[in-house]
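First up is the structure itself, then whatever we jot down about it.
Just so you know, all these numbers are worked out from the coordinates, no wet-lab data involved. This one's a predicted model, so the numbers in the text were calculated from it and none came from an experiment. Counting neighbours? That spans all protein chains shown, and the Cβs are built from the backbone with ideal geometry, glycine included.
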């Protein structure tokens with residue numbers, strides 16, 4: 001989409017005119033751009049290429065594109081496309097630059113198992129791994145109205161793509177299900193060199209946890225012999241898909257996964273304290289998750305930030321010829337002892353404020369900015385470990401959804417005054433209370449809701465400079 005973060009109002013979200021209807025070639029050395037309309041392609045291919053959140057991976061000169069949520073002109077509806085499109089990258093680039101016919105460089109097959117959006121795609125030893133994601137048909141509605149049907153795949157779909165005389169087919173298809181840990185979408189999945197030297201992938205965070213409208217914090221490793229849940233690690237930053245870069249250091253047998261900006265549940269305030277924001281804001285952080293030789297994971301923040309609220313849904317486009325320790329993994333020890341340009345961050349969303357979804361101020365747009373990514377193995381990037389986040393003000397708020405009343409329990413400093421507000425989607429305060437915590441710092445209150453219209457509200461609790469917000473549904 002060309003319009004940035006989708007609108008929370010169903011009539012204004014995912015509008016057909018906001019689809020990208022062009023293909024582009026960028027030469028980052030000469031800063032030259034070529035473009036070509038997708039209208040010359042068969043309709044099914046053009047519509048899939050205009051969709052959002054496709055799964056994709058390039059193997060050699062072939063780019064494989066799966067699924068994606070987009071408009072279908074035949075039905076006049078928004079669907080998850082049940083297609084695989086294969087692109088010959090050198091041929092497509094040449095055609096776009098010369099103004100030639102794109103059609104010979106694109107092929108497509110229909111396959112219901114590929115109707116997935118928001119998942120990730122891996123490739124190991126000739127097999128594709130389609131991990132997580134969802135099937136979403138109908139008009140987007142964050143209030144769970146009757147305009148759509150949504151099903152998480154809860155699966156790792158593993159298969160081969162056979163190309164026989166130009167005809168594509170699927171072979172050796174199988175699925176592994178986990179309705180808990182594989183219920184993820186819109187996340188990062190990075191290629192990894194594991195401590196034993198094997199190649200695989202790690203699923204980082206993602207959304208949403210079963211039963212709660214919040215991101216995952218733990219990770220899942222995916223390998224040819226199956227998957228394993230890493231339950232004793234929590235990734236606090238960068239829960240949504242963002243620009244990322246995997247780097248392996250053979251000397252110390254350590255795997256570094258870097259994440260540039262994006263959207264996350266936690267952030268660091270001006271005093272360096274780790275704070276939680278359940279509205280899951282846009283962030284500037286550049287974070288790193290390091291897997292040591294014993295397999296343990298550790299998260300840290302680099303003393304470096306994106307220049308704006310960027311990185312969400314962006315990609316690091318790798319420079320050709322960078323040494324690899326495995327497919328897509330930068331081999332640190334094979335780099336020279338000087339700064340090396342390894343890729344460019346491009347695309348994604350730029351936001352004017354951390355929280356703009358369902359807010360009355362702030363907006364976003366699709367980013368057309370490009371950033372160079374340099375790696376210097378002789379200089380250790382300044383990074384610091386992050387401590388556990390500060391305890392939240394809100395312990396419990398229930399029931400949610402609520403009807404007649406909402407109970408709130410929390411904890412602050414002893415005898416501290418607490419401001420409690422309920423805010424509607426227009427940003428107006430519809431309920432407000434001031435209460436005093438007891439000598440132990442605990443507080444509780446009840447908010448009457450009978451006079452409120454059904455819908456989504458925001459519960460705001462403020463004590464001094466600390467503020468915590470939660471979503472509340474009133475039925």
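What is region 417-456 by shape, rounded, prolate or oblate, if you read a ≥ b ≥ c off the alpha carbon gyration tensor as root eigenvalues and call it rounded for a/c under 1.5, prolate for a/b larger than b/c, and oblate otherwise? Verdict is prolate for region 417-456. Within region 328-345, name every residue whose backbone N is under 18 Å away from a label modeled 7 Å from Cα of residue 370 along the Cβ vector. It comes to 340-345, nothing else. What shape does region 141-253 have by the C-alpha gyration tensor, where a ≥ b ≥ c are the square roots of the eigenvalues, rounded means a/c under 1.5, and otherwise prolate means a/b greater than b/c and oblate the rest? Note, shape of region 141-253 comes out oblate. Working note: 222 nm ellipticity from helices only, DSSP H runs with n ≥ 4, each -39,500 (n - 2.57), summed and divided by the residues of the chain, gives -1000 deg cm²/dmol to the nearest 500. Say R0 is 22 Å: what FRET efficiency, to the nearest 0.05, do residue 304 and residue 273 get from their beta-carbon distance? Efficiency at R0 = 22 Å is approximately 0.70.
Peptide packing for 197-207, 407-417 was compared via the average number of neighbouring C-beta atoms within 10 Å per residue; ordered from the highest value, the list is 197-207, 407-417. The overall shape of region 33-85, judged from the alpha-carbon gyration tensor, is oblate: a/c is not under 1.5, and a/b is no greater than b/c. Each of 286, 317 has some number of other Cβ atoms within 10 Å of its Cβ, and from fewest to most they run 317, 286. Backbone N atoms of region 2-17 closer than 20 Å to the 7 Å Cα→Cβ label point of residue 141 belong to residues 6-16. Using R₀ = 22 Å, calculate the FRET efficiency as 1/(1 + (r/R₀)^6) where r is the Cβ-Cβ separation of residue 405 and residue 430; round to 0.05. So, using R0 = 22 Å, E works out to roughly 0.95. Ranking of 367, 39, 257 by neighbouring Cβ atoms within 10 Å, starting from the fewest: 39, 367, 257. Between residue 442 and residue 355, the C-beta separation translates, for a Förster distance of 35 Å, into a calculated FRET efficiency of about 0.80. From the coordinates of this entry, Cα Rg over 2.2 N^0.38 Å is computed, and it appears in (1) 1.02; (2) 1.19; (3) 1.08 under the label (1).
For the chain, the longest principal axis of the alpha carbon atoms and the long axis of helix 89-98 meet at an angle near 80°. Length gained on full extension, residue 475 to residue 162: 107.6 nm, using 0.36 nm per residue less the C-alpha separation.
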